[in-house]
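Asker: What follows is a structure written as structure tokens; I'll ask about it next.
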Amino acid sequence: MIRGAVVSAPLSRGVVARYVAGEGVDDAVAVAAELRTTNRLATIDYLGEDTTDRQQAEATRDTYVRLLEHLSDQDLARFGAAEVSVKLSAVGQALPQDGDAIALENARAICEAADRAGTTVTLDMEDHTTTDRTLEALRALRVDFPWVGAVLQSYLHRTEADCRDLAHEGSRVRLCKGAYKEPESVAFQDGAEVDLSYVRCLKVLMAGEGYPMVASHDPRLVEIAQALANHHGRSPDTYEFQMLLGVRTAEQKRIADRGHQMRVYVPFGEDWYGYLVRRMAERPANLQFFLRSLVGNG
Ligand code: FDA
């Protein structure tokens with residue numbers, strides 16, 4: 001019921017538009033072009049997870065390929081200016097039979113398209129039951145496409161060790177806090193512990209030989225990341241900051257204006273509802289704003 005109200009209320013479309021580029025490939029390309037005008041880079045995610053049939057997985061793959069072609073045509077992809085983020089579950093990982101193999105095959109086709117466009121692919125990280133399989137896919141893809149990156153989540157106990165494994169030359173690691181509800185057995189439950197883990201992970205990544213991508217809106221963590229980069233004598237082209245579309249936009253521009261690489265995560269697609277709900281859960285103030293907009297006072 002709520003979903004129906006959200007989808008149909010005209011004012012709520014404005015709220016959706018803050019976080020989601022739109023429903024079509026052209027909408028995503030337009031947002032990437034707009035970001036370019038303020039020196040911000042983009043990573044584009046075609047929304048849709050837990051794909052339950054093979055056709056849907058292949059349609060998602062084809063949308064990514066089309067997106068990469070459009071980005072290339074508009075000269076937005078070269079040197080990784082606009083890249084793509086892929087959830088393996090959206091390209092088949094959760095299929096009951098041969099899910100891992102199907103997801104890998106589809107991800108490979110997306111990587112080939114990215115290669116042609118002169119840009120990169122980053123594998124999003126989903127709930128902890130998929131972490132090993134996603135890192136396995138990363139290893140397999142990197143044999144042919146050594147620029148493929150992956151997300152690690154600081155709320156997982158294992159992540160500091162994963163950072164050590166992935167802090168090698170050429171390795172692109174996007175570090176975030178983590179957005180799924182995880183059990184105590186695998187994840188820190190307390191926000192302060194998640195933050196401390198994030199700092200430990202940052203220390204490993206910034207001291208290492210890889211390319212850290214600092215995906216957080218948390219001002220303290222952004223500051224610590226910068227201090228660690230300075231401490232290790234990193235030049236601004238050896239790491240980057242990343243934030244979500246619509247979140248702390250002024251800060252995104254400020255970071256880019258200071259000459260740092262600032263990449264914005266741009267989701268698009270018809271299946272935007274689940275993504276939006278996660279963003280609302282992160283920030284109750286957004287939810288209030290959103291509900292007000294539904295009753296016409298937003
Ligand atoms: P935190 O949630 O503590 O927020 C810090 C501050 O940022 C808040 O106090 C507020 O000011 C602001 N803020 C945060 N969220 C906001 C919002 N929605 N609206 C307005 N203000 C907000 N997760 C995952 O599990 N797998 C993944 O693959 C990814 N991928 C990913 C890519 C990129 C580029 C980013 C930035 C994030 C992800 N995430 C993710 C999501 C991530 O795990 C996390 O849930 C959010 O980034 C929020 O965590 P913060 O680090 O921003 O800190």
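The values are calculated or read from the model by the stated rules, or taken from the named source; none is laboratory data. Given the structure is predicted, the values throughout are model-derived calculations rather than measurements. FYI the Cβ positions are ideal-geometry reconstructions off the backbone, even for glycines, and counts take in every protein chain you see. Heads up: the accessible areas ignore ligands, DNA and RNA and are worked out on the full protein's heavy atoms, side chains in. Shrake-Rupley method; radii C 1.70, N 1.55, O 1.52, S 1.80 Å.
Asker: Search the range 156-203 for residues being in contact with a Pro (Cβ under 9 Å, 6 or more places away or on another chain) and of a type in the set (A, V, I, L, M), and hand back the single one that is farthest from the ligand (Cβ to nearest atom).
Answerer: Ala167
Asker: Any idea how many residues of the range 162-208 are within 21 Å of Leu141 (Cβ to Cβ) and in a helix (DSSP H, G or I)? Walk me through it before giving the result.
Answerer: Start the filter on the range 162-208 by keeping residues that are within 21 Å of Leu141 (Cβ to Cβ), which leaves 162-176, 205, 208.
Filter once more, keeping what is in a helix (DSSP H, G or I): 162-165, 205.
Number of matching residues: 5.
Asker: To continue, here is another question. For the range 198-213, give me each residue that is aliphatic (A, V, I, L, M) and either over 19 Å from Pro146 (Cα atoms) or touching a helix residue (DSSP H, G or I) at 6+ places or on another chain (Cβ under 7 Å) (or both).
Answerer: Scanning the range 198-213 gives Val199, Leu202, Val204, Leu205, Met206, Ala207.
Asker: Moving on to the next point. Within the range 133-149, how many residues are within 15 Å of Ser89 (Cβ to Cβ) and open to solvent by less than 30 Å² (accessible area, probe 1.4 Å)? Quick ask: steps written out before the conclusion?
Answerer: Looking only at the range 133-149, we keep the residues that are within 15 Å of Ser89 (Cβ to Cβ), and these are 133-138.
Still in the list and also open to solvent by less than 30 Å² (accessible area, probe 1.4 Å): 134-135, 137-138.
Counting residues in the range 133-149 that are within 15 Å of Ser89 (Cβ to Cβ) and open to solvent by less than 30 Å² (accessible area, probe 1.4 Å) gives 4.
Asker: Being under 17 Å from the mean Cα position of the chain (by Cα), assigned to a loop (DSSP other than H, G, I, E, B) and among the hydrophobic types (A, V, I, L, M, F, W, C) is the requirement here; does Ala32 meet it?
Answerer: On the way: under 17 Å from the mean Cα position of the chain (by Cα): yes; assigned to a loop (DSSP other than H, G, I, E, B): no; among the hydrophobic types (A, V, I, L, M, F, W, C): yes.
No; evaluated as a whole, the condition is false for this residue.
Asker: Pairs only if they're at least six apart or on different chains, beta carbon under 8 angstrom, first in the range 77-99 and in a loop (DSSP other than H, G, I, E, B) and away from the ligand (no atom under 14 Å from the Cβ), second at pLDDT below 95 and open to solvent by less than 10 Å² (accessible area, probe 1.4 Å); list them, first residue then second.
Answerer: Gly92/Thr51; Ala94/Thr51; Leu95/Thr51
Asker: Going through Tyr273, Tyr180 one at a time, which residue ends up being among the aromatic types (Phe, Trp, Tyr), more than 15 Å from the chain's Cα centre (by Cα) and under 23 Å from Tyr46 (Cβ atoms)? Outline the logic, then answer.
Answerer: Working: Tyr180 fails: more than 15 Å from the chain's Cα centre (by Cα).
Just a single option satisfies the conditions, and that option is Tyr273.
Asker: On the basis of being out of contact with any helix residue (DSSP H, G or I) (no Cβ under 7 Å at 6 or more places or on another chain) and small (Gly, Ala, Ser), does Ala229 make the cut? Before you say what the answer is, go through the steps one by one.
Answerer: Values: out of contact with any helix residue (DSSP H, G or I) (no Cβ under 7 Å at 6 or more places or on another chain): no; small (Gly, Ala, Ser): yes.
In short, no.
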